[in-house]
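The values are calculated or read from the model by the stated rules, or taken from the named source; none is laboratory data. Nothing here was measured: the structure is a model prediction, and the numbers come from that model. The protein model used for the area step is the full one, side chains on, heavy atoms only, and it has no ligands, DNA or RNA in it. Shrake-Rupley method; radii C 1.70, N 1.55, O 1.52, S 1.80 Å.
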Amino acid sequence: AKSMGHNMYFVYENRMAENINAHLTLGGGLRKAIDEEEFELYYQPKIRLSDETTVGAEALIRWFHPELGMISPDNFIPLAEESGLILPLGEWVIRRACRQLQEWRELGYPPICVSVNLSGRQFMQTNLVDMVKQVLDETGVDPKYLELELTESMLMADGQQTIVKLHNFRKLGLTLSIDDFGTGYSSLAYLKKFPIQALKIDRSFIKDLGVNCDDNAIVKASIVMAHSLNLKVVAEGVEKRSQVDILKEYKCDEIQGYYFAKPMSSQDFLGYMDSHTMF
Ligand code: C2E
Ligand code: CA
Ligand code: CA
Ligand code: CA
(Lines give C-alpha, C1' and ligand atoms only; values in the text may rest on other atoms or scores of the structure.)
(Ligands and ions follow the chains in the order given, each with its own letter.)
Protein backbone atom coordinates (compact mmCIF):
# COMPACT_ATOMS: atom_id res chain seq x y z
CA ALA A 1 0.00 0.00 0.00
CA LYS A 2 2.84 2.27 0.84
CA SER A 3 4.52 1.92 -2.57
CA MET A 4 1.15 2.26 -4.27
CA GLY A 5 0.58 5.53 -2.49
CA HIS A 6 3.95 6.59 -3.64
CA ASN A 7 3.14 5.78 -7.27
CA MET A 8 -0.16 7.54 -7.10
CA TYR A 9 1.62 10.51 -5.73
CA PHE A 10 4.03 10.52 -8.62
CA VAL A 11 1.30 10.05 -11.22
CA TYR A 12 -0.56 12.94 -9.73
CA GLU A 13 2.51 15.05 -9.55
CA ASN A 14 3.46 14.29 -13.14
CA ARG A 15 0.03 15.24 -14.42
CA MET A 16 0.07 18.43 -12.47
CA ALA A 17 3.48 19.13 -13.83
CA GLU A 18 2.32 18.55 -17.38
CA ASN A 19 -0.69 20.80 -16.99
CA ILE A 20 1.13 23.68 -15.54
CA ASN A 21 4.35 23.16 -17.41
CA ALA A 22 3.72 25.55 -20.25
CA HIS A 23 2.30 28.07 -17.82
CA LEU A 24 5.30 27.86 -15.51
CA THR A 25 7.85 27.97 -18.29
CA LEU A 26 6.41 31.16 -19.70
CA GLY A 27 5.17 32.63 -16.42
CA GLY A 28 8.43 31.97 -14.58
CA GLY A 29 10.40 33.17 -17.56
CA LEU A 30 8.42 36.39 -17.59
CA ARG A 31 9.90 37.66 -14.33
CA LYS A 32 13.40 36.88 -15.53
CA ALA A 33 12.62 38.34 -18.95
CA ILE A 34 11.76 41.67 -17.37
CA ASP A 35 15.02 41.72 -15.38
CA GLU A 36 17.09 40.66 -18.35
CA GLU A 37 15.38 42.86 -20.91
CA GLU A 38 14.31 40.13 -23.30
CA PHE A 39 11.55 42.42 -24.58
CA GLU A 40 11.62 44.79 -27.46
CA LEU A 41 9.11 47.22 -28.90
CA TYR A 42 8.24 46.96 -32.56
CA TYR A 43 6.62 49.85 -34.39
CA GLN A 44 3.91 49.72 -37.02
CA PRO A 45 3.39 52.90 -39.08
CA LYS A 46 0.08 54.74 -39.20
CA ILE A 47 -0.47 56.38 -42.56
CA ARG A 48 -2.58 59.47 -43.17
CA LEU A 49 -4.81 58.72 -46.13
CA SER A 50 -5.07 62.24 -47.55
CA ASP A 51 -1.39 62.31 -48.55
CA GLU A 52 -0.24 58.79 -47.66
CA THR A 53 2.49 59.99 -45.31
CA THR A 54 3.41 58.33 -42.05
CA VAL A 55 2.15 60.35 -39.11
CA GLY A 56 2.44 57.88 -36.28
CA ALA A 57 3.22 54.38 -35.11
CA GLU A 58 1.80 51.84 -32.73
CA ALA A 59 4.29 50.27 -30.33
CA LEU A 60 3.80 46.49 -30.11
CA ILE A 61 5.74 44.39 -27.65
CA ARG A 62 7.81 41.35 -28.64
CA TRP A 63 9.42 38.80 -26.33
CA PHE A 64 12.66 37.27 -27.60
CA HIS A 65 12.85 34.16 -25.45
CA PRO A 66 16.37 32.65 -25.31
CA GLU A 67 15.05 29.14 -26.12
CA LEU A 68 11.60 29.62 -27.63
CA GLY A 69 12.42 32.51 -29.92
CA MET A 70 9.94 35.29 -30.56
CA ILE A 71 6.71 34.99 -28.58
CA SER A 72 3.67 36.99 -29.65
CA PRO A 73 2.01 39.29 -27.11
CA ASP A 74 -1.28 37.37 -27.40
CA ASN A 75 0.58 34.48 -25.74
CA PHE A 76 2.14 36.29 -22.80
CA ILE A 77 0.12 39.45 -22.09
CA PRO A 78 -2.68 37.31 -20.54
CA LEU A 79 -0.05 35.57 -18.35
CA ALA A 80 1.41 38.89 -17.35
CA GLU A 81 -2.09 40.10 -16.45
CA GLU A 82 -2.76 37.05 -14.28
CA SER A 83 0.50 37.29 -12.39
CA GLY A 84 0.43 41.05 -11.99
CA LEU A 85 3.71 41.34 -13.88
CA ILE A 86 1.81 43.46 -16.39
CA LEU A 87 2.40 46.40 -14.06
CA PRO A 88 6.22 46.48 -14.29
CA LEU A 89 6.01 45.30 -17.92
CA GLY A 90 3.48 47.98 -18.83
CA GLU A 91 5.66 50.62 -17.22
CA TRP A 92 8.63 49.34 -19.20
CA VAL A 93 6.61 49.68 -22.43
CA ILE A 94 5.71 53.30 -21.74
CA ARG A 95 9.27 54.22 -20.74
CA ARG A 96 10.74 52.43 -23.75
CA ALA A 97 8.33 54.15 -26.16
CA CYS A 98 9.09 57.58 -24.67
CA ARG A 99 12.85 57.02 -24.82
CA GLN A 100 12.43 55.96 -28.44
CA LEU A 101 10.55 59.15 -29.25
CA GLN A 102 13.39 61.20 -27.78
CA GLU A 103 15.99 59.16 -29.63
CA TRP A 104 14.27 59.76 -32.97
CA ARG A 105 13.95 63.42 -32.14
CA GLU A 106 17.64 63.70 -31.31
CA LEU A 107 18.46 62.06 -34.64
CA GLY A 108 16.51 64.84 -36.32
CA TYR A 109 13.45 62.92 -37.52
CA PRO A 110 10.19 64.82 -37.85
CA PRO A 111 8.00 64.19 -34.83
CA ILE A 112 5.48 61.39 -35.03
CA CYS A 113 2.94 60.20 -32.50
CA VAL A 114 3.57 56.84 -30.83
CA SER A 115 0.71 54.91 -29.30
CA VAL A 116 1.03 52.25 -26.62
CA ASN A 117 -1.50 49.62 -25.63
CA LEU A 118 -2.73 49.46 -22.06
CA SER A 119 -4.11 46.29 -20.53
CA GLY A 120 -7.14 46.06 -18.25
CA ARG A 121 -5.28 45.49 -15.01
CA GLN A 122 -2.82 48.20 -15.84
CA PHE A 123 -5.63 50.67 -16.48
CA MET A 124 -7.10 49.87 -13.04
CA GLN A 125 -3.78 50.66 -11.36
CA THR A 126 -4.41 53.64 -9.05
CA ASN A 127 -1.10 55.42 -9.66
CA LEU A 128 -1.16 54.94 -13.45
CA VAL A 129 -1.50 58.63 -14.30
CA ASP A 130 1.34 59.57 -11.92
CA MET A 131 3.54 56.88 -13.40
CA VAL A 132 2.95 58.14 -16.94
CA LYS A 133 3.58 61.73 -15.84
CA GLN A 134 6.84 60.69 -14.21
CA VAL A 135 8.02 58.91 -17.36
CA LEU A 136 7.13 61.95 -19.48
CA ASP A 137 9.04 64.26 -17.11
CA GLU A 138 11.99 61.93 -16.94
CA THR A 139 12.29 61.51 -20.72
CA GLY A 140 11.28 65.04 -21.69
CA VAL A 141 8.72 63.82 -24.26
CA ASP A 142 6.10 66.34 -25.35
CA PRO A 143 2.91 64.58 -24.15
CA LYS A 144 1.07 65.37 -27.37
CA TYR A 145 3.21 62.73 -29.09
CA LEU A 146 2.15 59.97 -26.72
CA GLU A 147 -1.15 58.21 -27.33
CA LEU A 148 -2.80 55.53 -25.20
CA GLU A 149 -4.91 52.79 -26.82
CA LEU A 150 -7.73 51.60 -24.59
CA THR A 151 -10.40 49.03 -25.27
CA GLU A 152 -14.13 49.46 -24.76
CA SER A 153 -14.20 46.77 -22.08
CA MET A 154 -11.54 48.60 -20.05
CA LEU A 155 -13.65 51.74 -20.07
CA MET A 156 -16.79 49.86 -19.08
CA ALA A 157 -15.15 48.06 -16.16
CA ASP A 158 -14.36 50.95 -13.86
CA GLY A 159 -17.37 53.32 -13.81
CA GLN A 160 -16.80 56.85 -12.56
CA GLN A 161 -13.12 56.19 -11.89
CA THR A 162 -12.61 55.75 -15.61
CA ILE A 163 -13.81 59.21 -16.54
CA VAL A 164 -11.66 60.82 -13.83
CA LYS A 165 -8.62 58.91 -15.03
CA LEU A 166 -9.19 59.79 -18.67
CA HIS A 167 -9.60 63.48 -17.82
CA ASN A 168 -6.35 63.35 -15.86
CA PHE A 169 -4.58 61.91 -18.88
CA ARG A 170 -6.05 64.66 -21.02
CA LYS A 171 -4.81 67.26 -18.55
CA LEU A 172 -1.33 65.84 -19.01
CA GLY A 173 -1.78 66.44 -22.76
CA LEU A 174 -1.96 62.84 -23.99
CA THR A 175 -4.13 61.56 -26.82
CA LEU A 176 -6.58 58.75 -26.09
CA SER A 177 -7.99 56.26 -28.54
CA ILE A 178 -10.39 53.33 -28.52
CA ASP A 179 -8.78 50.16 -29.81
CA ASP A 180 -10.61 47.27 -31.53
CA PHE A 181 -13.66 49.49 -32.02
CA GLY A 182 -16.81 47.55 -32.84
CA THR A 183 -15.89 44.38 -30.97
CA GLY A 184 -17.26 45.55 -27.61
CA TYR A 185 -20.82 46.16 -26.52
CA SER A 186 -20.83 49.91 -26.38
CA SER A 187 -22.27 52.39 -28.82
CA LEU A 188 -20.39 55.35 -30.18
CA ALA A 189 -22.87 57.66 -28.49
CA TYR A 190 -22.00 56.06 -25.16
CA LEU A 191 -18.27 56.23 -25.81
CA LYS A 192 -18.63 59.93 -26.40
CA LYS A 193 -19.10 60.36 -22.64
CA PHE A 194 -15.38 59.71 -22.46
CA PRO A 195 -12.79 62.33 -23.47
CA ILE A 196 -11.33 60.38 -26.37
CA GLN A 197 -9.91 61.63 -29.65
CA ALA A 198 -9.75 58.63 -31.94
CA LEU A 199 -11.27 55.29 -32.84
CA LYS A 200 -9.47 52.32 -34.30
CA ILE A 201 -11.85 50.20 -36.35
CA ASP A 202 -11.09 46.56 -35.65
CA ARG A 203 -9.47 44.40 -38.31
CA SER A 204 -12.47 42.06 -38.35
CA PHE A 205 -14.52 44.78 -40.12
CA ILE A 206 -11.75 45.63 -42.56
CA LYS A 207 -10.94 42.06 -43.61
CA ASP A 208 -13.90 41.66 -46.01
CA LEU A 209 -14.27 45.28 -47.02
CA GLY A 210 -15.39 45.41 -50.63
CA VAL A 211 -16.59 41.81 -50.40
CA ASN A 212 -19.14 41.92 -47.60
CA CYS A 213 -21.73 44.70 -47.99
CA ASP A 214 -22.56 44.65 -44.30
CA ASP A 215 -18.98 45.41 -43.40
CA ASN A 216 -18.92 48.23 -45.94
CA ALA A 217 -22.04 49.71 -44.36
CA ILE A 218 -20.74 49.33 -40.80
CA VAL A 219 -17.39 50.90 -41.57
CA LYS A 220 -18.92 53.74 -43.57
CA ALA A 221 -21.47 54.55 -40.86
CA SER A 222 -18.87 54.33 -38.09
CA ILE A 223 -16.67 56.83 -39.88
CA VAL A 224 -19.52 59.29 -40.50
CA MET A 225 -20.67 59.06 -36.90
CA ALA A 226 -17.14 59.30 -35.48
CA HIS A 227 -16.48 62.41 -37.55
CA SER A 228 -19.70 64.03 -36.41
CA LEU A 229 -18.42 63.49 -32.86
CA ASN A 230 -15.06 65.00 -33.81
CA LEU A 231 -13.16 61.76 -33.53
CA LYS A 232 -10.34 60.73 -35.81
CA VAL A 233 -10.71 57.30 -37.39
CA VAL A 234 -7.92 54.78 -37.90
CA ALA A 235 -8.56 51.51 -39.76
CA GLU A 236 -6.59 48.48 -38.55
CA GLY A 237 -5.41 45.45 -40.46
CA VAL A 238 -5.47 46.94 -43.96
CA GLU A 239 -3.83 44.44 -46.27
CA LYS A 240 -5.04 45.33 -49.78
CA ARG A 241 -5.10 48.29 -52.11
CA SER A 242 -8.84 47.78 -52.65
CA GLN A 243 -9.39 48.29 -48.92
CA VAL A 244 -7.27 51.45 -49.00
CA ASP A 245 -9.37 52.82 -51.86
CA ILE A 246 -12.67 52.13 -50.11
CA LEU A 247 -11.40 53.66 -46.85
CA LYS A 248 -10.27 56.73 -48.78
CA GLU A 249 -13.71 57.04 -50.35
CA TYR A 250 -15.27 56.80 -46.86
CA LYS A 251 -12.91 59.57 -45.63
CA CYS A 252 -11.14 57.40 -43.09
CA ASP A 253 -8.28 59.47 -41.62
CA GLU A 254 -5.49 56.99 -41.10
CA ILE A 255 -4.73 53.37 -41.79
CA GLN A 256 -2.47 50.77 -40.30
CA GLY A 257 -1.78 47.38 -41.82
CA TYR A 258 0.46 45.03 -43.71
CA TYR A 259 -0.44 46.75 -47.00
CA PHE A 260 1.81 49.64 -46.00
CA ALA A 261 4.07 48.05 -43.39
CA LYS A 262 4.31 45.33 -40.79
CA PRO A 263 5.46 46.12 -37.25
CA MET A 264 9.26 46.46 -37.29
CA SER A 265 12.22 46.91 -34.97
CA SER A 266 13.23 50.46 -34.07
CA GLN A 267 16.27 50.01 -36.30
CA ASP A 268 14.15 49.07 -39.31
CA PHE A 269 11.70 51.82 -38.48
CA LEU A 270 14.46 54.42 -38.98
CA GLY A 271 15.07 53.10 -42.48
CA TYR A 272 11.34 53.16 -43.11
CA MET A 273 11.07 56.79 -41.96
CA ASP A 274 13.94 57.81 -44.22
CA SER A 275 11.82 56.87 -47.21
CA HIS A 276 8.28 57.53 -45.98
CA THR A 277 8.13 60.77 -44.02
CA MET A 278 8.49 64.33 -45.18
CA PHE A 279 12.06 64.78 -44.15
P1 C2E B 1 -3.79 45.19 -31.20
O2 C2E B 1 -3.55 46.29 -30.26
O3 C2E B 1 -5.13 45.12 -31.84
O4 C2E B 1 -2.63 45.30 -32.28
C5 C2E B 1 -2.80 45.04 -33.65
C6 C2E B 1 -2.32 43.65 -34.00
O7 C2E B 1 -2.63 43.40 -35.37
C8 C2E B 1 -0.80 43.48 -33.88
O9 C2E B 1 -0.55 42.13 -33.48
C10 C2E B 1 -0.35 43.71 -35.32
O11 C2E B 1 0.90 43.11 -35.61
C12 C2E B 1 -1.47 43.06 -36.08
N13 C2E B 1 -1.61 43.60 -37.44
C14 C2E B 1 -1.33 44.83 -37.88
N15 C2E B 1 -1.62 44.97 -39.20
C16 C2E B 1 -2.12 43.78 -39.60
C17 C2E B 1 -2.61 43.29 -40.87
O18 C2E B 1 -2.65 43.98 -41.88
N19 C2E B 1 -3.05 42.00 -40.89
C20 C2E B 1 -3.02 41.20 -39.80
N21 C2E B 1 -3.45 39.95 -39.92
N22 C2E B 1 -2.57 41.64 -38.58
C23 C2E B 1 -2.13 42.92 -38.49
P24 C2E B 1 0.51 41.79 -32.33
O25 C2E B 1 1.67 42.72 -32.42
O26 C2E B 1 0.74 40.33 -32.34
O27 C2E B 1 -0.28 42.18 -31.00
C28 C2E B 1 -1.42 41.48 -30.61
C29 C2E B 1 -2.10 42.15 -29.45
O30 C2E B 1 -1.28 42.09 -28.28
C31 C2E B 1 -2.37 43.62 -29.68
O32 C2E B 1 -3.53 43.77 -30.48
C33 C2E B 1 -2.55 44.10 -28.25
O34 C2E B 1 -3.84 43.82 -27.80
C35 C2E B 1 -1.56 43.23 -27.50
N36 C2E B 1 -0.32 44.00 -27.27
C37 C2E B 1 0.73 44.21 -28.09
N38 C2E B 1 1.67 44.97 -27.50
C39 C2E B 1 1.20 45.26 -26.27
C40 C2E B 1 1.72 46.02 -25.16
O41 C2E B 1 2.80 46.62 -25.19
N42 C2E B 1 0.94 46.07 -24.03
C43 C2E B 1 -0.28 45.45 -23.97
N44 C2E B 1 -0.99 45.55 -22.82
N45 C2E B 1 -0.79 44.74 -24.98
C46 C2E B 1 -0.07 44.65 -26.12
CA1 CA C 1 -3.70 48.44 -30.30
CA1 CA D 1 -6.52 46.78 -32.33
CA1 CA E 1 -6.69 43.33 -31.03
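Brief remarks on what is shown
- Taking the 1.4 Å solvent-accessible surface of the range 67-150 as the whole, the part contributed by carbon and sulfur is 50%.
- Cα-only radius of gyration and Dmax that characterise the range 194-256, units Å: 10.8, 34
- Orientation-averaged projected area, Cα convex hull of the range 57-204 (nm²): 9.8 nm²
- Across the range 124-165, the convex hull enclosing all Cα atoms gives 75 Å³ per residue.
- Residue ranking by accessible heavy-atom surface, 1.4 Å probe, largest first, among D268, D180 comes out as D268, D180.
- Sorting E67, E58, E52, E37 by accessible area puts them as E67, E37, E52, E58; the probe is 1.4 Å, largest comes first, and only protein heavy atoms count.
- Accessible area in square angstrom per residue, the chain, 1.4 angstrom probe: 51 Å²
- Gyration tensor (alpha-carbon) shape descriptor, the range 156-202, a/c threshold 1.5: oblate
- Probe 1.4 Å - accessible area at H227, Å² to nearest ten: 60 Å²
- Remark: accessible surface ordering of K171, K192, K200, K207 (largest first) is K171, K207, K192, K200, probe radius 1.4 Å.
- All Cα-Cα separations within the chain were binned at 10 Å from zero, giving a P(r) of 6, 26, 32, 22, 7, 4, 2, 0, each value a whole percent of the pairs.
- With DNA, RNA and ligands ignored, accessible area of F194 (1.4 Å probe; Å², nearest 10): 10 Å²
- Isotropic mean projected area of the C-alpha convex hull, the range 147-240 (nm²): 5.9 nm²
- Gained length - K192 relative to I34, 0.36 nm times residue gap less alpha-carbon distance: 53.2 nm
- Calculated over the range 26-82, the projected area of the Cα convex hull averaged across directions stands at 4.8 nm².
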